[in-house]
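The values are calculated or read from the model by the stated rules, or taken from the named source; none is laboratory data. The model shown is predicted, which means the values in this text are computed figures rather than measured ones. Glycine gets a Cβ as well: all are built from the backbone with ideal geometry, and neighbour counts include every protein chain shown. Heads up: the accessible areas ignore ligands, DNA and RNA and are worked out on the full protein's heavy atoms, side chains in. Shrake-Rupley method; radii C 1.70, N 1.55, O 1.52, S 1.80 Å.
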Amino acid sequence: MEKINVFVEKFADIKILRYELPGFEKLSLQQKQYIYYLSEAALCGRDILFDQNNRWNLKIRSLLEIIYRTYSGSRRAESFQAFHLYLKQVWFGNGIHHHYSTEKFIPKLSRQEFVTLLQQSDGEQFAFQAELESILDVIFDPELEAKAISLDSSKDLLKASAMNYYQNVTQAEAEAFYESMRKSYGAHAPSFGLNSTLVKQNNELKEEVWCSRGKYGKAIRQIIYWLGKAIEFAENELQKEVIQKLIAYYETGDLKLFDAYSIAWTNENEGLVDFVNGFIEIYGDPLGIKASWESIVNYKDLEGTKRALILSENAGWFEANSPVDSQYKKAEVKGVSAKVIHVAMLGGDCYPATPIGINLPNSEWIREEFGSKSVTIENITQAYFNDSLGNGMLEEFAASEAEIARAREFGRLAGNLHTDLHECLGHGSGKMKPGVKPEDLKNYYSTMEETRADLFALYYITDEKLLQLGIVPSHETGMAEYDAYLRNGLITQLTRIEAGKDLEESHMRNRQLIAKWAFEHGKAENVVEFVRREGKTFVQINDYEKLRQLFGMLLKEVQRIKSEGDFESAKTLVERYAVRVDQDLHAEVLERFRKLNIAPYAGFLNPELKLVTDDSGKVVDVAVEYQSDYTQQMLKYSEEYGFMLES
């Protein structure tokens, strides 16, 4: 296969990359067709996510795309270029808020300039003329819909957040509503609220369930259609059962059926092809109850999976030997499976920005009784690595030549292994006391859970066991990951936030929590220190073994907090270590980063998959066409998969 150029374009703080599909041509025709139909289903939920993120998103996207398609003036004009930039940001964020900071994009053209562009376009195509002034207010008034997700515990999180999972509902009302549901159900409770909008009408709370017969039905019916087409090409009977159970859930919105699907999906490990499709992750809800829609379609990297299988086969050893209190360890580790994959299609909350690893299902009782499935996404991490070569980031922020050399030799393996350990073992480890629920940690749950999984990975990545298993060639692999993790947690991730801001996103918070806690608790022995040379600040690790011990201490405490549902301790840890930013250091880091001319965030274009037929119309292959135009892919997706917007 001819290698593709990974980089596509850069705008604002974003770079657009492409990922390859290694070995796709070696798949059977049945497997390729299975991927094709699952990929169509993966693209059909895009509108759902836009609407979940904010109630104005679909209308604003429609208005912007009408202007882009029909504008009759000069496209080289400064105002149109600023408009196009804003449109690109809205596409990337799946709405009017930044995908990471969740703050609203502010266009770099004035409201009057925007109106002038609209006047030189076919504005009559816009179906919501009566709301136009309100829409312009939302776009240009920085105080309206200002932040998609607020985690500021001093405020009512729902009133402070512009996401669209709740309507006219206070935080206290929502928490009480779902707490009463959970209490009335008992053991094996489904994830109440996961797939609905909670609204208050006539002073009464009710759920608008997301299913083929309810809210988002137009898009969900399309998803069901393509899933139905995929069944014919499934590799085995259990894959067919997985899809049938998912369709039954989509048709009814019954969360007990979602649990049945999740169990079947967890148990299916024989096929080469797999997928995720549904309302999965709860990061977009400040209360951690409701899930955004996402999808990925993938196939195994057989060579890479050998590494993941070794870890999953030894999951019991890692659980038994962790520093966690024995009462919070699983007595028996069940059903932990792991693989390395290549994605073939990204959709919803996995597109354009995508994770590099996944561990599902999220239901705690299913994890404990049936296990979980973990993946590391090889072709995405490879694309990131290829793009990073020679960009100067490592050389600018690493503390020494030895650190740079270690990163070059071991960094990519270390990063992938951290993801393997985080997803396969970290999220799947530990157990909760009877009656304790993730919701007990409220808005701190996501940060604490990511902290726990990262700590598990960090604790074991320097363990002798990995050498014995033949997973790493040297202890320097783990050292390279410690270098990278503390460098990122204390310094380089600051490049992703604006001057004067604190940390809001859960993953950024968890990385700073770990790094800052270890720095503070290792001060007496100078385990980690900040060093300054030529006016620049670096992070230097002086004792890797003691740093590992610190990671173990924190892992023990974080697992206790989760297992006991200790909200106050979670709040103390997060607020003390994870939120505040040293503004002097931040200013220095931003200035150094600016000179490198690197975008701090990245996302991906999808390839286009096409059925190839012979003269009789019989499908003989599935072709992969790599795309190179971000704007055209976004317009195409709006045209072909925009099912929900209507006047």
Open item on the list: Residue pairs, Cβ under 7 Å, 6 or more apart or interchain, first in the range 158-174 and closer than 18 Å to Gly95 by Cα, second of a type in the set (Asp, Glu) and not in a helix (DSSP H, G or I). List them.
Closed with: Ala160/Asp152; Ala162/Glu145; Met163/Asp285; Tyr165/Asp285
Open item on the list: Residues that are under 20 Å from Leu136 (Cβ atoms), open to solvent by less than 10 Å² (accessible area, probe 1.4 Å) and aliphatic (A, V, I, L, M): list the helices (runs of 4 or more DSSP H) wholly contained in the range 39-123 that include at least 3 such residues.
Closed with: 57-70
Open item on the list: I'm told Gln632 meets every condition in (1) of a type outside the set (Ser, Thr, Tyr); (2) under 23 Å from Gly392 (Cβ atoms); (3) open to solvent by 50 Å² or more (accessible area, probe 1.4 Å) except one. Can you identify the failing condition by its number?
Closed with: (2)
- [ ] Could you tell me which numbered condition Thr451 fails, if it satisfies all but one of (1) of a type in the set (S, T, N, Q); (2) out of contact with any strand residue (DSSP E or B) (no Cβ under 8 Å at 6 or more places or on another chain); (3) open to solvent by 40 Å² or more (accessible area, probe 1.4 Å)?
- [x] (3)
Open item on the list: So in the range 198-256, with the set limited to residues that are polar (S, T, N, Q), closer than 15 Å to Asp274 by Cα and in contact (Cβ under 8 Å) with a residue 24 or more places away in the chain, which one is most open to solvent (accessible area, probe 1.4 Å)?
Closed with: Asn236
Task: Residue in the range 360-411 that is nearest to Leu346 (Cα to Cα), counting only those that are open to solvent by 40 Å² or more (accessible area, probe 1.4 Å) and among the polar types (S, T, N, Q) - done: Gln382
Open item on the list: Show me the helices (runs of 4 or more DSSP H) entirely contained within the range 552-647 in which 3 or more residues are of a type in the set (S, T, N, Q) and at pLDDT 95 or above.
Closed with: 630-641
Task: Candidates Leu503, Leu513 - the one that is open to solvent by less than 10 Å² (accessible area, probe 1.4 Å), assigned to a loop (DSSP other than H, G, I, E, B) and within 23 Å of Ile561 (Cα to Cα) - done: Leu503
- [ ] Could you identify the single residue in Lys339, Lys334 that is open to solvent by 10 Å² or more (accessible area, probe 1.4 Å) and part of a strand (DSSP E or B)?
- [x] Lys339
TODO: Answer yes or no as to whether Ser134 is outside any helix (DSSP H, G or I) and at pLDDT 95 or above.
DONE: no
Task: Hits in the range 430-448 - residues which are open to solvent by 10 Å² or more (accessible area, probe 1.4 Å) and among the hydroxyl-bearing types (Ser, Thr, Tyr) - done: Tyr445, Ser446
TODO: Determine whether Asp543 is at pLDDT 95 or above, more than 26 Å from the chain's Cα centre (by Cα) and surrounded by 14 or more Cβ atoms within 10 Å (Cβ to Cβ).
DONE: yes
Open item on the list: Going through Leu596, Leu554, Leu585 one at a time, which residue ends up being buried (at least 17 other Cβ atoms within 10 Å of the Cβ) and either more than 30 Å from Gln633 (Cβ to Cβ) or within 27 Å of the chain's Cα centre (by Cα) (or both)?
Closed with: Leu554
Open item on the list: With the requirement that a residue be in contact with a Gly (Cβ under 8 Å, 6 or more places away or on another chain) and either modelled with pLDDT under 95 or within 11 Å of Thr631 (Cα to Cα) (or both), what does the range 82-105 give you?
Closed with: Phe92
Task: Subset of the range 430-461 [at positive phi and either touching a Lys or Arg at 6+ places or on another chain (Cβ under 7 Å) or among the acidic types (Asp, Glu) (or both)] - done: Gly430
